[in-house]
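Throughout, read-outs are computed from the coordinates displayed, never taken from laboratory work. Remember, predicted model here, so these are calculated numbers, not experimental data. In this analysis, Cβ positions are derived from the backbone assuming ideal geometry, glycine residues included, and neighbour counts consider all displayed protein chains.
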Amino acid sequence: MKPSYASKRHCMWVAICASLALGACASPTPLVGDIAAPQYVLGDHWQYNIIDNLRRGVTSRLDVDVVAVTPSTVTLHLVYADAYGRSERTDEIDDQGRLLLGALKPGAAERFNPPLELYSFPLAQGKTWRQTINTIRADYDNIPGQILVYGHVQGRVAANVPGGNFDTVGVYRILQLDDDEFWRTRTTRRDEILYSPQVKGVVREEREALYYELGGPDAATIRTESIVRELVAFTPGR
């Protein structure tokens, strides 16, 4: 007997709850004080290595530069490069670290209104946040959609990455994207993040994403992303 749409949705939420429990199994120590939103300056530069576990460990490099700063908006220039080529993108964030323009899935960058809370500054021990953003899906006949965000601040974590040793804040995050169709559920992405105030950003991130097919003889769970991103270097601007 084939599982129904409702049972597929139930399985998806069971998987999400399991991942929440797993994410909480890390052993951070309590975070003392609150972590304010970063104060970016022109010329801040981050370099990352990214390992793609769905592509047999293919490694790429990500360079991120702050190219413009206003009292309310920061513009980031992102360059991805690997053995197969190079791609570029521009993101925008506001003065609270919320995403105004960016890409959560393959394709062109999207503008988010209200801004997307990938973080909820100030970060404090045990803090959680939830957000629902209504969207219009330009990639699918302009139908309405929703992006769901859940975040949890886990505490203080020591991190050792190619860029050095850092005292970080562990953040666990779940995103549900607005890409469901009649034959599949929306993509659910789980992020385990180590954020360092010292470098104004992530020093390590593990990201897993998947969706479920609905119905049909070959319905399956489809993994769409499995990466590890680590900081190689941070150069502050002036």
Net charge near residue 50, counting Lys/Arg +1 and Asp/Glu -1 over other residues with Cβ under 13 Å of its Cβ?
-2
Output the Kirkwood hydrodynamic radius of the range 116-221, Cα pairs only, in Å rounded to one decimal.
15.6
Point-to-point label distance, residue 51-residue 77, nm (Cα→Cβ direction, 7 Å offset):
3.1
Report Rg(Cα)/(2.2 N^0.38 Å) for the range 33-106, keeping two decimals.
1.26
Expected-Rg normalisation [2.2 N^0.38 Å, Cα atoms] applied to the range 167-238
1.48
Show me the chymotrypsin sites (Phe, Trp or Tyr not before Pro) within the range 52-126 that DSSP assigns to loop and that have at most 16 other Cβ atoms within 10 Å of their Cβ.
84
Based on the inverse mean of 1/r over its pairs of different Cα atoms, what is the Kirkwood hydrodynamic radius of the chain, in Å?
19.0
